[in-house]
Amino acid sequence: MTTTMTTTSPRVLISYSHDSDAHAVQVRQLSNRLRADGVDCRIDQYILNPAEGWPLWMDEQVEAANFVLVVFTERYATRSKQKQKSGVRFESVLILQELYEAGLINDKFIPVLFDPVDSKHIVKWLKPFNHYTVDSDTGYESLRRRLLNDPTVVMPPLGSPTKKGPIN
């Protein structure tokens, strides 16, 4: 008899900066791969023109997501801290506000890198948390397992304590 476990696909938003066409392709390939692996991943590239406008769309996506993957590059880090208006700045404010309201307890916002060199650009409010470098199958697999709560090692059940009595 085979038992089939049904799990709900986690909803994921990828937050990234529009560094270049090549970077946008990397983001889309990551999203497409996650979707193929059962993760309900969302990116702005799938949407032509949200009726509610981009700021409200971003706010709704961050709120609805189980996880937000934040793809760090130098440009993302710079834009997240700038005072000028940008999509990255707006999403960074949303992320920081959620972290603040959660007392900086974080299970939702996950730093992601396409290049390990970009680890120096992870913003300070996400530095304490695990990040994933998805430039290899191993890095991608670690992220996929995190999103699907599919650990590589499972803690065995706790056995019953056995008292042996005094030694004579």
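The values are calculated or read from the model by the stated rules, or taken from the named source; none is laboratory data. Keep in mind it's a predicted model, so treat the numbers as computed, not measured. Here the Cβ is made from the backbone with ideal geometry for all residues, glycine too, and neighbour counts use every protein chain on show.
Worth a mention:
- Complete set of residues in region 100-145 that are under 11 Å from the mean Cα position of the chain (by Cα) and of a type in the set (Ser, Thr, Tyr): Tyr132
- Selected residue [within 26 Å of Arg28 (Cα to Cα) and either in a loop (DSSP other than H, G, I, E, B) or β-branched (Val, Ile, Thr) (or both)] from Asp150, Asp118: Asp150
- Single unsatisfied condition, Leu56 versus (1) within 19 Å of Leu126 (Cβ to Cβ); (2) modelled with pLDDT of 85 or more: (1)
- In region 37-57, the residues that are in contact (Cβ under 8 Å) with a residue 24 or more places away in the chain and assigned to a loop (DSSP other than H, G, I, E, B): Asp37, Gly38, Val39, Ile43
- Of the residues screened, Lys108 is one that is more than 19 Å from His23 (Cα to Cα), surrounded by fewer than 19 Cβ atoms within 10 Å (Cβ to Cβ) and modelled with pLDDT of 90 or more.
- Some residue of region 94-113 being among the basic types (Lys, Arg) and within 18 Å of Val27 (Cβ to Cβ): no
- In region 114-141, the residues that are closer than 19 Å to Lys81 by Cβ and either in contact with a strand residue (DSSP E or B) (Cβ under 9 Å, 6 or more places away or on another chain) or surrounded by 12 or more Cβ atoms within 10 Å (Cβ to Cβ) (or both): Asp118, Ser119, His121, Ile122, Val123, Trp125, Leu126, Lys127, Phe129, His131
- Looking at Tyr46, Tyr76, just one residue is of a type in the set (Phe, Trp, Tyr), loosely packed, with under 14 Cβ neighbours inside 10 Å and closer than 25 Å to Leu34 by Cα, and that residue is Tyr46.
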